[in-house]
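Asks: Please see the structure below; I have some questions.
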Amino acid sequence: MSEELSMMRGGGDTLANLRKSFSIPKKVIYLNGNSLGPLQFRVKQRLKEVIDLEWGEDLITSWNKHGWMDLPDRVGEKIAPIIGASSGQVICCDSISINLFKLLASAMRLRPDRPKILSQVDNFPTDLYVAEGLEGMLGKSRCSLELRASKDLIDALDSEVAVLMLSHVNFKDGSIHDVSDLTRKAHENGTLVVWDLAHSAGVLSIALDDWDVDFAVGCGYKYLNGGPGAPSFLYVNRRLHDQLMQPLQGWMGHEKPFQFDKEFVPAAGIRQFVAGTPQILSLAALESALEIFKDLDIGFLQEKAALLSEYFLGLVVQESDLEEFQLISPTDPSKRGAQLSFSHPNAYAVSRAWIEEGVIADFRAPNILRVGFSPMVLSVEDIDLAVTKLIAVIQSRTFLKKKFQEKQKVT
Ligand SMILES: *Cc1c(COP(=O)(O)O)cnc(C)c1O
């Protein structure tokens, strides 16, 4: 075991204290912070306060009195340092799907003579569905989605590609793109970039400004721990603000919503990307969840996640009972996000049986067991126990029970 790992035993690492902020049931080992970040005590408290005092007592006056109107901007400002953005370029509202639509449409408007959106064939489905939706709406001669394997993306950048739309970390196998390098290559080709940071924001070091990224979206409920259905964030580089028009022009993105003007005049800067009324309860939960990131070096999170995943992998490969688990993630930890994915012929049933043992990971079709290493809540001891329980599930064949075979609505 490496020196760093030995130090982490017994909670000797600098991040060990973060765990105390989270309310995780004693018997649960949570390997799914990549899909739904866990609950913090302060968020529980904050939601109670917003419901009892702000909504309950102050009612509609809270839009002014408690600054509800500015929550999308305020939460955006708190996310900005986590993704390497300076002030005024990040806003928090809606879902990734909706924000991608706004950004793709805005980007296509900036390249009227180029008809293509280039993306990766195994990108997250919603990202591709949204691009297809735009294609259907604008017609293929104005907007057509081209899909390529990861290794063929650079070769596919030609003079017709308006936008390169990719995910920083692939949701299935955890592989990472070099955002800086691909952004530079796209720009050399006159192509704009839209990055999806769903599986990297809050756990990998990101420098959107330094990398000169044009647009980005990301998730509030994964590593930012904002709670189920927490709103997404979007980033638009300042140099583009004056040229942009996003099509979901709603009153909350208007310069003066309460003038109820007939004409839409977009708010200055990033605010025009808010469409309708902000989701106050969800935003309040996310705002409070972000406090833990204050003064926290994301590099430490990334490093701890890499150490834990390496340790987990080491235990799995040395165990003959686990030989059916084939790693499909990159073996080099610097080339993957905070997750490991394994193929296994019974991956779904194994994930269910493991959950019954108190270890929560997830399954991704068709045959992938996905294990997330949320560095805020996990310890070396958790990893030991999780692997011990996985071995028990395999040795006892409990996963073959019928009740674990039937797919639930959400996997
Ligand atoms: C989780 C995730 C989403 C989620 O999209 P929503 O519209 O917010 O539900 C989108 N893209 C990627 C890559 C994801 O991992």
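Asks: I'd like the full set of residues that are modelled with pLDDT of 95 or more, among the small types (Gly, Ala, Ser) and farther than 18 Å from Ser167 by Cα, limited to the stretch 322-378.
Replies: Ser343, Ala347, Ala349, Ser351, Ala353, Gly358, Ala361, Ser374
Asks: Being farther than 28 Å from Ala353 by Cα, touching a residue at least 40 places away in the same chain (Cβ under 8 Å) and in a loop (DSSP other than H, G, I, E, B) is the filter here, so list the residues in the stretch 11-33 that pass it.
Replies: Gly11, Asp13, Thr14, Leu15
Asks: Follow-up. Could you please give the count of residues in the stretch 134-174 that are more than 29 Å from Asn34 (Cβ to Cβ), in contact with a strand residue (DSSP E or B) (Cβ under 9 Å, 6 or more places away or on another chain) and open to solvent by less than 70 Å² (accessible area, probe 1.4 Å)?
Replies: Summing the residues that are more than 29 Å from Asn34 (Cβ to Cβ), in contact with a strand residue (DSSP E or B) (Cβ under 9 Å, 6 or more places away or on another chain) and open to solvent by less than 70 Å² (accessible area, probe 1.4 Å) in the stretch 134-174 gives 7.
Asks: While we're on this one: Select, from Leu281, Leu327, Leu322, Leu301, the only residue that is within 26 Å of Pro231 (Cβ to Cβ) and surrounded by fewer than 22 Cβ atoms within 10 Å (Cβ to Cβ).
Replies: Values: Leu327 fails: within 26 Å of Pro231 (Cβ to Cβ); Leu322 fails: within 26 Å of Pro231 (Cβ to Cβ); Leu301 fails: surrounded by fewer than 22 Cβ atoms within 10 Å (Cβ to Cβ).
That would be Leu281, the only listed residue that is within 26 Å of Pro231 (Cβ to Cβ) and surrounded by fewer than 22 Cβ atoms within 10 Å (Cβ to Cβ).
Asks: Restricting attention to the stretch 284-326, which residues are among the aliphatic types (A, V, I, L, M) and over 26 Å from the mean Cα position of the chain (by Cα)?
Replies: Leu315, Val316, Val317, Leu322
Asks: Just one of the numbered conditions (1) open to solvent by 80 Å² or more (accessible area, probe 1.4 Å); (2) over 16 Å from Gly227 (Cα atoms) is not true of Ile29; which one?
Replies: Going through (1) open to solvent by 80 Å² or more (accessible area, probe 1.4 Å); (2) over 16 Å from Gly227 (Cα atoms) one by one, Ile29 breaks only (1).
Asks: Would you be able to say whether some residue in the stretch 91-102 is assigned to a helix (DSSP H, G or I), out of contact with any Gly (no Cβ under 9 Å at 6 or more places or on another chain), open to solvent by 40 Å² or more (accessible area, probe 1.4 Å) and over 25 Å from Val130 (Cα atoms)?
Replies: Checked against the condition, which is being assigned to a helix (DSSP H, G or I), out of contact with any Gly (no Cβ under 9 Å at 6 or more places or on another chain), open to solvent by 40 Å² or more (accessible area, probe 1.4 Å) and over 25 Å from Val130 (Cα atoms), the stretch 91-102 yields no hits at all.
Asks: Identify, please: which residue in the stretch 180-192 is surrounded by fewer than 24 Cβ atoms within 10 Å (Cβ to Cβ) and not charged (D, E, K, R) and is, among those, farthest from the ligand (Cβ to nearest atom)?
Replies: Residues of the stretch 180-192 surrounded by fewer than 24 Cβ atoms within 10 Å (Cβ to Cβ): 180-190.
Checking which are not charged (D, E, K, R) leaves us with 180, 182-183, 186-187, 189-190.
Values: Ser180: 19, Leu182: 16, Thr183: 17, Ala186: 18, His187: 22, Asn189: 23, Gly190: 25 Å.
In this case the residue turns out to be Gly190.
Asks: Moving to a separate point now. Considering only residues that are under 21 Å from Leu248 (Cα atoms) and crowded, with 19+ Cβ neighbours inside 10 Å, look in the stretch 117-127 and name the one that is farthest from the ligand (Cβ to nearest atom). I'd like the intermediate steps shown before the answer.
Replies: The first filter runs over the stretch 117-127 and keeps only residues under 21 Å from Leu248 (Cα atoms), leaving 117, 126-127.
Still in the list and also crowded, with 19+ Cβ neighbours inside 10 Å: 117, 127.
Numbers: Ile117: 15, Asp127: 5 Å.
So, considering only residues that are under 21 Å from Leu248 (Cα atoms) and crowded, with 19+ Cβ neighbours inside 10 Å, the one farthest from the ligand (Cβ to nearest atom) is Ile117.
Asks: Find the residue count for the stretch 339-359, including only residues that are buried (at least 21 other Cβ atoms within 10 Å of the Cβ) and closer than 17 Å to Val387 by Cβ.
Replies: Start the filter on the stretch 339-359 by keeping residues that are buried (at least 21 other Cβ atoms within 10 Å of the Cβ), which leaves 339-342, 347-354, 359.
From what is left, the residues that are closer than 17 Å to Val387 by Cβ are 339-342, 347, 350-351, 353-354, 359.
The qualifying residues number 10.
Asks: Taking the criterion of being of a type in the set (Ser, Thr, Tyr), open to solvent by 60 Å² or more (accessible area, probe 1.4 Å) and within 16 Å of the ligand (Cβ to nearest atom), would at least one residue in the stretch 231-238 satisfy it?
Replies: Filtering the stretch 231-238 down to residues of a type in the set (Ser, Thr, Tyr) leaves 232, 235.
Imposing the further condition that a residue be open to solvent by 60 Å² or more (accessible area, probe 1.4 Å) reduces the set to none.
Within the stretch 231-238, none of the residues are of a type in the set (Ser, Thr, Tyr), open to solvent by 60 Å² or more (accessible area, probe 1.4 Å) and within 16 Å of the ligand (Cβ to nearest atom).
Asks: When the residues of the stretch 34-58 are narrowed to those that are part of a helix (DSSP H, G or I) and open to solvent by 100 Å² or more (accessible area, probe 1.4 Å), which ends up nearest to Ile292 (Cα to Cα)?
Replies: At the first step, the residues of the stretch 34-58 found to be part of a helix (DSSP H, G or I) are 41-55.
Now drop any that are not open to solvent by 100 Å² or more (accessible area, probe 1.4 Å), which leaves 41, 44-45, 48, 55.
On the way: Phe41: 11, Lys44: 14, Gln45: 14, Lys48: 19, Trp55: 25 Å.
Checked the stretch 34-58; the qualifying residue nearest to Ile292 (Cα to Cα) is Phe41.
Asks: Turning to a different aspect of this structure: Across the stretch 364-402, which residue is farthest from Lys27 (Cα to Cα) among those that are open to solvent by 60 Å² or more (accessible area, probe 1.4 Å), in a helix (DSSP H, G or I) and touching a residue at least 12 places away in the same chain (Cβ under 8 Å)?
Replies: Checked the stretch 364-402; the qualifying residue farthest from Lys27 (Cα to Cα) is Leu400.
The values are calculated or read from the model by the stated rules, or taken from the named source; none is laboratory data. This is a predicted model, so every value here is computed, not measured. Backbone-built Cβ (ideal geometry, glycine too); neighbour counts: all protein chains shown. These area figures cover heavy atoms from the full protein model, side chains too; ligands, DNA and RNA do not enter into them. Shrake-Rupley method; radii C 1.70, N 1.55, O 1.52, S 1.80 Å.
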